[in-house]
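All remarks here apply to the structure that follows.
Every number here is computed from the coordinates shown, using simple stated rules; none is lab data. All of these numbers come straight from a predicted model, not from anything done at the bench. Note: ideal-geometry Cβ built from the backbone for every residue, glycine included; neighbour counts use all protein chains shown.
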Amino acid sequence: MDLTSSLKMATQSLLANKMRSFLTMLGVIIGVGAVIIMVALGQGTAAGITDSISSMGANLLTVSAGGGFGPVRGATTAQLTNADAEAIKSLPLVKNVAAESSTSATISYGSATWSTTVDGTWPELMSIKEQDTVQGSFFTAEDNSKSNPVAVLGGTVVENLLPGVATPVGETIKINGISFTIIGILENKGSSMGNDQDDIIYIPLNTLQQRMIGGGSVRSISVQAASAENLNPLKEYLTTLLRQRHRLAETADNDFRIQDTTELLATIEDTTAMMSFLLGGIAAVSLLVGGIGIMNIMLVSVTERTREIGIRMAIGATGRAIRTQFLIESLVLCLIGGIMGILLGWAGGLAITSLTDLNMKIAPWLVLLSLGFATAIGLFFGYYPANKAARMNPIDALRFE
């Protein structure tokens, strides 16, 4: 008997018991669907984190106050200042520097109000983040030096505060009761890891410090290296400079932290890859359980069809042909179950994405891997029942009632 005939007979046998065939496939459907959803969730989370970090800028070091978790041994708590940021600009290998501080504020325009984050920074931040304006322009170094009350708004702020204004540039808003002129609207960057990157207002750092929060401290300093190869030597330059400026004793710990986005990205990618592997492994257990279910049902089917097997052997069917038919039945069950599981995983991913802030990423390799795994399950768990059928004694099989 050729493969085509075996496939035809296997399909007819499965169609003769539609409900049992479906219930047999159910374990594979759920298993493959779970694998797709779990791994896609891990991949989507990794992609979201990667995009979020990448949006901070390329070849970036971020300096922030504090030496780590808990008190800093041998050093007093220090703050970063505008002067620190200015000194960093003179270091070799530096491409851009931008100091930042932020505060939460209530924004008003006429009778409309909106609460958001107001970020005081330098103009260089837009070059670091590679972000541009869709209307107007970003503020200048002169705006910062003069503490001008000018603001650049993110798209979410515009949508909620000035929904009916076609050209917001030139309009006046109030930030915590202080009047600011809108000079630019930022291009949208969208959400990342549940955080709306467009729900923000940028104003000059000096304006924030003098008009809103007081003092000359900064929350962080973004330092962009000229190239990725310069990150490590630049980190050493930064450490030496800030320790000197903060007058730290030789045995004292740093009172600042330097975060390398490249190292952070690599660490996160490794972590999320492991998370995807673990989630996929947990889901794969249900697929193995589905395979055991298929083996049990196939054994029942072999027992029920013992007389049929005996008749086929009596008229010339070989053990190999019998084995092939039952293997094909198992394989067809797992392949159809795998395809339905992929569709279930895809639909489940869409539902999760629409109902939550979680990201799902179903890569082609994941679909192919799931289908391949389902095929392997069919062959592995179908072999024992198929081999049992192939090794039957035709005389004993014909006597079976």
*What trypsin sites (Lys or Arg not before Pro) does the stretch 215-286 have in DSSP loop regions with at most 13 other beta carbons within 10 Å?*
ARG247
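Excluding THR121 itself, calculate the net charge of residues whose Cβ lies under 12 Å from the Cβ of THR121, where each Lys or Arg counts +1 and each Asp or Glu counts -1. Could you put the intermediate results ahead of the total?
Details: positive: LYS129, ARG219; negative: GLU100, ASP119, GLU124, ASP143.
Summing Lys/Arg as +1 and Asp/Glu as -1 gives -2.
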*Sort ILE282, ILE29 so the one with the fewest other Cβ atoms within 10 Å of its own Cβ comes first.*
ILE282, ILE29
_Using Cα springs under 10 Å in a Gaussian network model of the chain, which residue among ALA47, ALA16, ALA283 shows the largest mean-square fluctuation?_
ALA16
*Considering amide H positions built from the backbone, and no H for Pro or chain starts, which residues 5 or more places from ALA112, or on another chain, come under 5 Å of its amide H?*
none
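Translational diffusion coefficient, Stokes-Einstein: compute it for the stretch 211-287 using the Kirkwood radius over C-alpha pairs as Rh, at 37 °C and 0.692 mPa s, and state it as an integer in µm² s⁻¹.
Numbers: Rh = 16.4 Å.
In µm²/s, the coefficient rounds to 200.
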*If each residue's Cβ is checked for other Cβ atoms within 10 Å, how do TRP114, TRP122 rank with the fewest at the top?*
TRP114, TRP122
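Between Rg and the Kirkwood Rh of the stretch 286-365, both from Cα atoms, what is the Rg to Rh ratio? All intermediate terms of the calculation are to be shown ahead of the outcome.
Values: Rg = 19.2 Å, Rh = 15.6 Å.
A ratio of 1.23.
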*asked:* Using amide H atoms built in the peptide plane, which far-off residues or other-chain residues are under 5 Å from VAL150 H to H?
replied: THR181
*Which translational diffusion coefficient, to the nearest whole µm²/s, is obtained for the stretch 79-245 from the Stokes-Einstein equation, given a Kirkwood hydrodynamic radius over C-alpha pairs, 20 °C and 1.002 mPa s?*
129 µm²/s
*Quote the Stokes-Einstein diffusion coefficient, in whole µm² s⁻¹, for the stretch 153-310, based on the Kirkwood radius over alpha carbon pairs, a temperature of 20 °C and a viscosity of 1.002 mPa s.*
94 µm²/s
*asked:* Which residue fluctuates most in the GNM of the chain (Cα springs below 10 Å): GLY66, GLY378, GLY316?
replied: GLY316
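Please give me the summed charge of the neighbours of LEU208: other residues whose Cβ is under 10 Å from its Cβ, Lys and Arg +1, Asp and Glu -1.
Numbers: positive: ARG211; negative: GLU100, ASP119.
Taking every Cβ under 10 Å from that of LEU208, the sum is -1.
How big is the Cα convex hull of the stretch 272-329 in projection, averaged over all directions, in nm²?
Numbers: hull surface 19.8 nm².
Result: 5.0 nm².
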*asked:* Could you tell me the relative contact order of the chain? Use alpha-carbon pairs under 8 Å, at least six residues apart, and round to a whole percent.
replied: 31 percent
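Report, in deg cm²/dmol and to the nearest 500, the calculated mean residue ellipticity at 222 nm for the chain, where each DSSP H run with n ≥ 4 adds -39500 (n - 2.57) and the sum is divided by the residue count. Numbers along the way, then the final one.
On the way: 13 runs with 219 residues, N = 401.
Helix-only estimate at 222 nm: -18500 deg cm²/dmol.
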*How high is the relative contact order of the stretch 89-132, given as a whole-number percent (alpha carbon pairs under 8 Å, six or more residues apart)?*
38 percent
_Using the Cα atoms of the chain, I'd like the radius of gyration and the largest Cα-Cα distance, Dmax, both in angstrom._
32.5, 103
